[in-house]
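A.B. asks: Have a look at this one.
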Amino acid sequence: MSFLGSTASAPAGGDKYSVLLPTYNERHNLPVIIWMLVKTFTEHNINYEIIIIDDNSPDGTLDIAKQLQVLYGADRIVLRPRAGKLGLGTAYVHGIENATGNFVIIMDADMSHHPKFIPEFIKLQKAQNLDIVTGTRYTGSGGVHGWDLRRKLTSRVANYIASTLLQPGVSDLTGSFRLYKKPVLAKLISAVISKGYVFQMEMMVRARQFGFSIGEVPITFVDRVYGESKMGADEIAQYLLGLFKLFALT
Amino acid sequence: MALTKLVRFLLSTVTFFSLWLLALNEAIPVPEAVAEFLPALPLWIIVSFGAYSLGSIGWSLVTFGDCEEAHRELMKEVAQARDELRRNKITIDDE
């Protein structure tokens, strides 16, 4: 069976979902994640587009993206490349500019986030007319594969400190697998000032401040790159600093 | 303008300590049983919070969800995807 993104009939309600996929050196993962996304959307008859924001990857990710565009159609695969590695917040701004969907999904391109959860996000969003649905690794049937005890401990302590200080009302603050109503995402991005891990945290904190409704869906997170990205003292210091800034400024 | 979390925390802490000091110096009436315990109250709060934190983190660590199954399924899907993509002339090279 193959899923080549046929022009299926529009689903009732006319909702369209724009997936924002920032990429940097994802030559190997990109085709697979696109294949999985197309399969999920086609199977569930969801109207979609996937916006690839490549930061001039030296490994030729953009060339692969162009091949995928030929395969699946330029109405489904949209390319919004940038000149260099410019950070996540601006990637979202850049990607959202020409997004034609009324909903936006943000996720990682390295397959730690599985597209199979997207229909669940959509279902929860519709059931409660939520502004935001976020995946959580820490409650219910959520979980992580590929972390050793030390990494799990770091994650738990980090989350505990963040939750205690910020009282965010969500269980997974640093998660980046989320569904937003497009205007909600646009408003949040313009309000957020942090970078890195803290960027995703600040999005949730601001969302609460603005009174947006947030729902959670447990997700499984398969980390295949842990071991390549070290959690050094520097990163921890930056995290705590960012966290304290949020505590002091919001 | 709403108060920041830091300001609210500082306000609560200052308020608590003021009340505590007043109670210690008997400027506020306090029942006998409470009066004995009063000097130790701040320390008790800190220690209790510490114990609660450790317990909470320990518990969340022990109940951390693993997803072996998800990993296996993903590996299978990845293999299937790569095959199909190769057939459709997408460049799939090995890492």
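The values are calculated or read from the model by the stated rules, or taken from the named source; none is laboratory data. Predicted, not measured: the structure shown is a model, and the values here were computed from it. Cβ: placed from backbone, ideal geometry, glycine included. Neighbour counts: every protein chain shown. Keep in mind that these areas ignore ligands, DNA and RNA; they rest on the heavy atoms of the full protein, side chains included. Shrake-Rupley method; radii C 1.70, N 1.55, O 1.52, S 1.80 Å.
A.B. asks: Take A:Ser155 and decide whether it is under 23 Å from A:Ile106 (Cα atoms), within 11 Å of chain B (Cβ to nearest Cβ) and open to solvent by 40 Å² or more (accessible area, probe 1.4 Å). Outline the logic, then answer.
C.D. replies: On the way: under 23 Å from A:Ile106 (Cα atoms): yes; within 11 Å of chain B (Cβ to nearest Cβ): yes; open to solvent by 40 Å² or more (accessible area, probe 1.4 Å): no.
Considered against the rule, which asks whether it is under 23 Å from A:Ile106 (Cα atoms), within 11 Å of chain B (Cβ to nearest Cβ) and open to solvent by 40 Å² or more (accessible area, probe 1.4 Å), A:Ser155 comes out as no.
A.B. asks: Shifting gears a bit: May I ask you to list the residues in the range A:17-38 that are open to solvent by 40 Å² or more (accessible area, probe 1.4 Å) and either at positive phi or at pLDDT 95 or above (or both)? Walk me through how you get there before you give the answer.
C.D. replies: Within the range A:17-38, the subset open to solvent by 40 Å² or more (accessible area, probe 1.4 Å) is A:24-25, A:27-28.
If the condition is that a residue be open to solvent by 40 Å² or more (accessible area, probe 1.4 Å) and either at positive phi or at pLDDT 95 or above (or both), then A:Asn25 is the only one that fits.
A.B. asks: Go through the range A:133-187 and give me each residue that's within 19 Å of the chain's Cα centre (by Cα), charged (D, E, K, R) and in a helix (DSSP H, G or I).
C.D. replies: Selection gives A:Lys182, A:Lys187.
A.B. asks: A further question follows. For the range A:188-213, give me each residue that is crowded, with 17+ Cβ neighbours inside 10 Å and under 15 Å from the mean Cα position of the chain (by Cα).
C.D. replies: Listed by number, the residues that qualify are A:Leu188, A:Ile189, A:Tyr197, A:Val198, A:Phe199, A:Gln200, A:Met201, A:Glu202, A:Met203, A:Met204.
A.B. asks: Would you be able to tell me the number of residues in the range A:47-86 that are on the phi > 0 side of the Ramachandran plot and either in contact (Cβ under 8 Å) with a residue 60 or more places away in the chain or within 13 Å of another protein chain (Cβ to nearest Cβ) (or both)?
C.D. replies: Count: 2.
A.B. asks: State all residues of the range A:33-60 that are closer than 26 Å to A:Ala83 by Cβ, in contact with a helix residue (DSSP H, G or I) (Cβ under 6 Å, 6 or more places away or on another chain) and part of a helix (DSSP H, G or I); if no residue qualifies, say none.
C.D. replies: Hits for the range A:33-60 are A:Ile34, A:Leu37.
A.B. asks: Here's a follow-up. Consider A:Ser163 against the criteria (1) without any contact (Cβ under 8 Å) to a residue 40 or more places away in the chain; (2) away from chain B (no Cβ under 11 Å); (3) among the small types (Gly, Ala, Ser); (4) within 19 Å of B:Ser56 (Cβ to Cβ): it satisfies all of them except one. Which criterion is unmet?
C.D. replies: (2)
A.B. asks: Evaluate the following for A:Ser141: is it in contact with a Phe, Trp or Tyr (Cβ under 7 Å, 6 or more places away or on another chain), of a type in the set (Ser, Thr, Tyr) and at pLDDT below 95? Before you say what the answer is, go through the steps one by one.
C.D. replies: On the way: in contact with a Phe, Trp or Tyr (Cβ under 7 Å, 6 or more places away or on another chain): no; of a type in the set (Ser, Thr, Tyr): yes; at pLDDT below 95: yes.
Criteria not met by A:Ser141.
A.B. asks: Of everything in the range A:195-215 that's touching a Leu at 6+ places or on another chain (Cβ under 7 Å) and not in a helix (DSSP H, G or I), which residue is nearest to A:Leu86 (Cα to Cα)?
C.D. replies: Result: A:Ile214.
A.B. asks: A further question follows. Which condition number does B:Leu74 fail, the rest of (1) closer than 30 Å to A:Pro115 by Cα; (2) of a type in the set (A, V, I, L, M); (3) surrounded by fewer than 11 Cβ atoms within 10 Å (Cβ to Cβ) being met?
C.D. replies: (3)
A.B. asks: Does B:Asp93 count as open to solvent by 90 Å² or more (accessible area, probe 1.4 Å) and under 30 Å from A:Ile219 (Cα atoms)? Give the derivation first.
C.D. replies: On the way: open to solvent by 90 Å² or more (accessible area, probe 1.4 Å): no; under 30 Å from A:Ile219 (Cα atoms): yes.
Criteria not met by B:Asp93.
A.B. asks: Turning to a different aspect of this structure: Taking the stated definitions as given, is A:Lys123 open to solvent by 40 Å² or more (accessible area, probe 1.4 Å) and either in a helix (DSSP H, G or I) or in contact with a strand residue (DSSP E or B) (Cβ under 8 Å, 6 or more places away or on another chain) (or both)?
C.D. replies: Details: open to solvent by 40 Å² or more (accessible area, probe 1.4 Å): yes; either in a helix (DSSP H, G or I) or in contact with a strand residue (DSSP E or B) (Cβ under 8 Å, 6 or more places away or on another chain) (or both): yes.
The answer is yes for A:Lys123.
Here is a yes/no grid of residues against (1) among the charged types (D, E, K, R); (2) at the interface with chain A (Cβ under 8 Å from one of its Cβ atoms); (3) farther than 30 Å from B:Trp20 by Cβ; (4) within 17 Å of the chain's Cα centre (by Cα):
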site	(1), (2), (3), (4)
B:Trp44	no, no, no, no
B:Ser48	no, no, no, yes
B:Tyr52	no, no, no, yes
B:Ser56	no, yes, no, yes
B:Thr63	no, no, yes, yes
B:Glu68	yes, yes, yes, no
B:Ala81	no, yes, yes, no
B:Asn88	no, yes, yes, no
B:Asp93	yes, yes, yes, no
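A.B. asks: Right, something else. Condition test on A:Thr139, is it in contact with a Ser or Thr (Cβ under 6 Å, 6 or more places away or on another chain) and either within 13 Å of another protein chain (Cβ to nearest Cβ) or within 21 Å of A:Leu88 (Cα to Cα) (or both)?
C.D. replies: Working: in contact with a Ser or Thr (Cβ under 6 Å, 6 or more places away or on another chain): yes; either within 13 Å of another protein chain (Cβ to nearest Cβ) or within 21 Å of A:Leu88 (Cα to Cα) (or both): yes.
Taking the combined requirement at face value, the residue satisfies it.
A.B. asks: Can you find, within the range A:101-120, the residue that is nearest to the other protein chains (Cβ to nearest Cβ) among those that are over 18 Å from A:Asn45 (Cα atoms) and surrounded by 21 or more Cβ atoms within 10 Å (Cβ to Cβ)?
C.D. replies: So the residue we want is A:Met111.
Matching residues to (1) in contact (Cβ under 8 Å) with a residue 24 or more places away in the chain; (2) more than 20 Å from A:Asp110 (Cβ to Cβ); (3) of a type in the set (D, E, K, R); (4) away from chain B (no Cβ under 12 Å):
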| residue | (1), (2), (3), (4) |
| --- | --- |
| A:Val144 | yes, no, no, no |
| A:Gln200 | yes, no, no, yes |
| A:Met204 | yes, yes, no, yes |
| A:Ala233 | no, yes, no, yes |
| A:Leu243 | yes, yes, no, no |
